[in-house]
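In what follows, a structure is listed as structure tokens, so that the remarks can point back to it.
The values are calculated or read from the model by the stated rules, or taken from the named source; none is laboratory data. From a predicted model like this one, the values you see are computed outputs, not experimental measurements. Here the Cβ positions follow ideal geometry from the backbone for every residue, glycine too, while neighbour counts run over all protein chains shown. What goes into the accessible areas is simple: the full protein's heavy atoms, side chains included, and nothing from ligands, DNA or RNA. Shrake-Rupley method; radii C 1.70, N 1.55, O 1.52, S 1.80 Å.
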Amino acid sequence: MRDKIGILFSSLCVFHCLITFLLIYGGIGSVAYITLSEEYVHPILLVIILIVGMYAFPPAFRKHKSILPMSLAFIGIAGLISALFISENLEVAITTISGLILVIAHNINRRILIS
């Protein structure tokens with residue numbers, strides 16, 4: 001269940017970035033949406049993702065002893081944190097890739113626990 005919640009929020013992060021990208025570069029974006037997105041959505045999603053990651057990966061590692069899911073999660077979370085401090089052009093790409101890495105990490109973690 002922990003990894004399913006992680007997949008949900010990591011996917012939500014990817015979805016948010018892609019929608020924002022399409023709205024901005026598709027010419028539909030409004031300044032209000034972009035401002036709201038930058039000021040609130042990213043930090044809130046990041047905090048949720050950090051909490052879910054801490055709740056999902058360390059306990060699973062203690063059970064299956066595989067470092068791969070936790071390593072991927074670290075890379076994904078580091079990417080999401082770094083995306084807060086870089087230019088908007090790179091932010092979408094790094095956040096999308098980092099979110100996908102987290103989805104993969106949660107999937108691997110879940111599959112190892114099941115087997």
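From the list Ile75, Ile104, Ile97, Ile81, which residue is part of a helix (DSSP H, G or I), open to solvent by 10 Å² or more (accessible area, probe 1.4 Å) and touching a Ser or Thr at 6+ places or on another chain (Cβ under 8 Å)?
Details: Ile104 fails: touching a Ser or Thr at 6+ places or on another chain (Cβ under 8 Å); Ile97 fails: touching a Ser or Thr at 6+ places or on another chain (Cβ under 8 Å); Ile81 fails: touching a Ser or Thr at 6+ places or on another chain (Cβ under 8 Å).
Checking each option against the conditions leaves just Ile75.
Please go through the range 2-25 and pick out each residue that is surrounded by fewer than 17 Cβ atoms within 10 Å (Cβ to Cβ), at pLDDT 75 or above and over 14 Å from the mean Cα position of the chain (by Cα).
First pass over the range 2-25, keeping only residues surrounded by fewer than 17 Cβ atoms within 10 Å (Cβ to Cβ): 4-5, 8, 11-12, 15, 18-19, 22-25.
This time we only want the ones that are at pLDDT 75 or above, so: 4-5, 8, 11-12, 15, 18-19.
The answer is Ile19, and nothing else.
Quick check on my filter: what residues within the range 48-67 are open to solvent by 90 Å² or more (accessible area, probe 1.4 Å) and either assigned to a loop (DSSP other than H, G, I, E, B) or touching a residue at least 12 places away in the same chain (Cβ under 8 Å) (or both)? I'd like the intermediate steps shown before the answer.
Residues of the range 48-67 that are open to solvent by 90 Å² or more (accessible area, probe 1.4 Å), as a first pass: 51, 54-55, 62-63, 65, 67.
Scanning the range 48-67 gives Tyr55, Lys63, Lys65.
Could you figure out which of (1) modelled with pLDDT of 85 or more; (2) surrounded by fewer than 17 Cβ atoms within 10 Å (Cβ to Cβ) isn't true of Leu36?
Result: Leu36 fails condition (1) only.
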